[in-house]
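A short worksheet on the structure shown next.
Coordinate-derived values only; no laboratory data. Quick caveat: nothing in here was measured; it's all calculated off a predicted structure. We place every Cβ from the backbone using ideal geometry, glycine too, and count neighbours over all the protein chains shown.
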Amino acid sequence: MALATIVGALLGHRSIAPLGDALDRQRRFVADASHELRTPLTRLHTRAQMLLRWHREHPPSDGDSERLTAELTAMVQSAAELNDVVEDLLMSAGMRTDPARCEEFDLATLAAEVIEAERPRLGARVLALTTVGELLTIKGARSPVRRMIATLVDNAVSHTDPTGRIEISVRQGGRGIVELEVTDDGTGFDPVDRERIFERFAQSGSPGPHHFGLGLALAREIVTDHGGTIRAVGRPGAGATFTVRLPATA
């Protein structure tokens, strides 16, 4: 029986090994492709911004000025969206947390940094941060966690009216847990989609042309990779709340 168990384990490991190799090759391909695409996309975005700035400073005298401005603005936005996709793919390829990149940091401080970076695009929206407690440190890779918070904030901004309100709270969520919550009073979502919104490029289960991209799926992968959980609660027209629970440092 012992020999059969050992043989079965060896055969199982041998059968699974090719799948692991294929996954590693896929991750390397995505990482390599993303790295190759990042530079030309950055150049495109920069040149489009420079051209738009020059056009605004030296507008033509004919009546096509507004149309040209609109087209250049759309080009800048498209380049920025493509760059975001590349960044998401690159993050997905290197999702596993490298122990060498792990450090202890305060989650509330990181959330405050994300909020400050988002100020220019808030407009009249109110973005407030509240913290409860003092031991709000976690251990992990700072950059992916920052990207996770930025994704949740970006999602809230995108689905909130120009005069809406977004609240972020960081608090102790129980023994050994730090909890981050992002709440908005925006468009919300159908409760049937509370799990589907974390799936890559998933279609909504409710009527209408709703679909989801990579952002929230990658946010959940980052949270899971750090030993945490994320859940979403919302209703159409009544806003949404995303709650992240991560292990606190000892």
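With K and R counted +1 and D and E -1, the other residues having a Cβ less than 11 Å from that of Thr249 yield a net charge of -2. Modelled this way, with points 7 Å down the Cα-to-C-beta line, the labels at Gln172 and Leu82 are 5.0 nm from one another. Modelled label positions at Thr46 and Leu135, each set 7 Å beyond Cα in the direction of Cβ, lie 4.7 nm from each other. Legend: calculated FRET efficiency, Ala128 to Met1, from the Cβ-Cβ distance at R0 = 45 Å, rounded to 0.05, equals 0.10. If the segment from Arg142 to Arg231 were pulled out straight at 0.36 nm per residue, it would be longer than the present Cα-Cα gap by 29.9 nm.
Site pair Glu103 and Glu199 shows an inter-label distance of 3.8 nm when each label is modelled 7 Å from Cα along Cα→Cβ. Taking 0.36 nm per residue of separation and subtracting the current Cα-Cα distance, fully stretching the chain between Thr241 and Thr163 would add 26.3 nm.
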